[in-house]
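Participant: Let me give you the structure first, and then I'll get to my questions.
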Amino acid sequence: MDRYGAGVQLRYNYRLYPTPGQQIALARAFGCARVVFNDGLRARREAREQDLPYISDAELSRQVITLAKATPERAWLGEVSAVVLQQALADLNTAYRNFFASVSGKRKGRALAPPRYRSRKDNRQAIRFTKNSRFKVLDNGRLRLPKIGELQVRWSRPLPSAPSSVTVVRDAAGRYFASFVVTTQQDETLPPVDSEVGIDLGLTHFAVLSDGTKVTAPRFLRRAARKLKRLQRALSRKQKGSNRRRKAVVKVARAHARVADTRRDWQHKLSTAIIRENQAVYVEDLCVAGLGRTRLAKSVHDAGWAAFTAMLEYKAARYGRTFGRVDRFLPSTRMCSACGGTNEKMALSVRAWDCPCGAAHDRDVNAALNVLAAGRAESRNDRGARVRPPAMAAPRDEAVTHPDAARTPRSVEGISALQSGEDVKTSRTACTR
Ligand SMILES: [Zn+2]
């Protein structure tokens, strides 16, 4: 039985190998989707500047797709699937709705900016085909996309059921991917366990758990990140517009994609292990945490932390565990998890402290214990800590896609295996930019 009725939406990503001709057709579709998105955005901005009412979704679609196709300037929009154009507008409408919800305070988290124009120079180009575009996975394993053709796919693992949509992405490294959304209906609830855990965004670690586990990014990931830094420095020294710079840009993009893939694989293993071993998982809310944190910690971990907690959230929903984000208004690092008393401000270098009540604390573990306590209190009050998760990347437990990830048995065997003396000792190097 699924607690959300409709099932959990998961993403399944595969590498695509379009022929040169298909690459041209895809480039055309990316371009048309971008033009429709930008035309829609311009129309709404102009209406606003002239104090005219907000243009409705239906009216916007009529203006920038249906009517535009009939003009000589936009006649070429007819060369791509109409669904691709409609989905580009759907993205724009969603961006507007999120922005309005953020402004009105209905949407939690960081304040959102209004939608921005898309550029040909954006690192990531994407188009989406929904069911009614009649995209199809053929018996010969190819993916048929309307007005693009039949594309070769590397099926690194099977699709569990018929997808409801597919997004075709071209990344900064020039690679193509198909990202399918699949709704899982089967019951994957795990047998209940007793332990609950609070997780703190560590200063010198990627994450610190209330049970004392300190998790540091594995060595191969730190090494890859250092290499990326080096390439970025090399790029900044190259002259603008030069051939060498263009080559360096591609190199950086490739290294960047590699680091991102490796980090995602590692985070999938870590989040699965944490969800399996605990009945309830509480994390600090990132935007609140940011207020009381140093710039150093934020810059090092922010991006990774957001993706990681999103994984915990959807896996908790999928496997029948409790997940909660904790708003913390208290200085949790200074608050004693034993007596609740607040102590004096501490320098970053203070890793351990003693409370007048007699409790001896590790700074980060104490903070994680406070997250756990706040999470338990909130879930008892039932303040709606649980929300329906968005469509997220499916875990890659069976299919390790990165060669480096396959070489680290440490990260497959659960959280305890992720805690190793060597990693803890060398954690400092990982966290100083
Ligand atoms: Zn105390």
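Participant: State all residues of segment 10-55 that are of a type in the set (S, T, Y) and touching a strand residue (DSSP E or B) at 6+ places or on another chain (Cβ under 6 Å); if no residue qualifies, say none.
Facilitator: Result: Y12, Y14, Y17.
Every residue, every condition in (1) surrounded by 12 or more Cβ atoms within 10 Å (Cβ to Cβ); (2) hydrophobic (A, V, I, L, M, F, W, C); (3) under 30 Å from H256 (Cβ atoms), yes or no:
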| site | (1), (2), (3) |
| --- | --- |
| V103 | yes, yes, no |
| R118 | yes, no, yes |
| R142 | yes, no, yes |
| E150 | yes, no, no |
| V153 | yes, yes, yes |
| R157 | yes, no, yes |
| A162 | no, yes, no |
| V169 | yes, yes, yes |
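Participant: Okay, next question. Across segment 342-370, which residue is surrounded by the fewest Cβ atoms within 10 Å (Cβ to Cβ) among those that are near the ligand (Cβ under 9 Å from one of its atoms) and under 36 Å from the mean Cα position of the chain (by Cα)?
Facilitator: Only one residue tops the list, namely N343.
Participant: If you don't mind, another one. What single numbered condition from (1) in a helix (DSSP H, G or I); (2) within 16 Å of R15 (Cα to Cα) fails to hold for A90?
Facilitator: Of (1) in a helix (DSSP H, G or I); (2) within 16 Å of R15 (Cα to Cα), only one is false for A90: (2).
Participant: Continuing with this model, one more query. Taking interchain pairs and intrachain pairs at least six residues apart, which have beta carbon atoms under 6 angstrom, with the first residue in segment 309-325 and without any contact (Cβ under 8 Å) to a residue 40 or more places away in the chain and the second surrounded by fewer than 22 Cβ atoms within 10 Å (Cβ to Cβ) and part of a helix (DSSP H, G or I)?
Facilitator: none
Participant: Something else now. Tell me yes or no: at least one residue of segment 111-131 is under 24 Å from V8 (Cα atoms) and touching a Leu at 6+ places or on another chain (Cβ under 7 Å).
Facilitator: Yes, the conditions are met somewhere in segment 111-131.
Participant: So which pairs qualify, if the first residue must be in segment 41-57 and surrounded by 13 or more Cβ atoms within 10 Å (Cβ to Cβ), the second must be of a type in the set (K, R), the Cβ gap must be under 9 Å, and the two must be at least 6 apart or on different chains?
Facilitator: Pairs that qualify, where the first residue is surrounded by 13 or more Cβ atoms within 10 Å (Cβ to Cβ) and the partner is of a type in the set (K, R), are L41/R116; L41/R118; I55/R44.
Participant: If you check D327 against the conditions, is it over 28 Å from L312 (Cβ atoms) and either within 11 Å of the ligand (Cβ to nearest atom) or out of contact with any strand residue (DSSP E or B) (no Cβ under 7 Å at 6 or more places or on another chain) (or both)?
Facilitator: No; evaluated as a whole, the condition is false for this residue.
Participant: Here's another thing I want to ask about it. Select, from L228, L159, the only residue that is of a type in the set (A, V, I, L, M, F, W, C) and in a loop (DSSP other than H, G, I, E, B).
Facilitator: It is L159.
Participant: Can you give me the number of residues within segment 27-72 that are assigned to a helix (DSSP H, G or I), among the small types (G, A, S) and within 13 Å of N93 (Cα to Cα)?
Facilitator: Residues in segment 27-72 being assigned to a helix (DSSP H, G or I), among the small types (G, A, S) and within 13 Å of N93 (Cα to Cα): 4 in total.
Participant: Might you let me know whether segment 320-334 holds any residue that is in a loop (DSSP other than H, G, I, E, B), at pLDDT 80 or above, assigned by TED's automatic domain parsing to the domain that holds W266 and over 18 Å from S210 (Cβ atoms)?
Facilitator: Yes, that holds for at least one residue.
Participant: If V166 passes every condition in (1) closer than 30 Å to D211 by Cβ; (2) part of a strand (DSSP E or B) but one, which one does it miss?
Facilitator: Going through (1) closer than 30 Å to D211 by Cβ; (2) part of a strand (DSSP E or B) one by one, V166 breaks only (1).
Participant: K247 fails exactly one of the following numbered conditions: (1) closer than 19 Å to T322 by Cα; (2) surrounded by fewer than 18 Cβ atoms within 10 Å (Cβ to Cβ). What is the number of that condition?
Facilitator: Every listed condition holds for K247 apart from (1).
Residue by residue, here is whether (1) of a type in the set (S, T, Y); (2) under 20 Å from G31 (Cα atoms); (3) assigned by TED's automatic domain parsing to the domain that holds A257 holds:
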{"residue": "T130", "(1), (2), (3)": "yes, yes, no"}
{"residue": "K136", "(1), (2), (3)": "no, no, no"}
{"residue": "G141", "(1), (2), (3)": "no, no, no"}
{"residue": "P146", "(1), (2), (3)": "no, yes, no"}
{"residue": "R154", "(1), (2), (3)": "no, no, no"}
{"residue": "V168", "(1), (2), (3)": "no, yes, no"}
{"residue": "R175", "(1), (2), (3)": "no, yes, no"}
{"residue": "A178", "(1), (2), (3)": "no, yes, no"}
{"residue": "V181", "(1), (2), (3)": "no, no, no"}
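The values are calculated or read from the model by the stated rules, or taken from the named source; none is laboratory data. Treat the numbers as computed from the prediction; the structure is a model and nothing was measured. With ideal geometry, Cβ positions are generated from the backbone for all residues, glycine too; neighbour counts draw on all protein chains shown.
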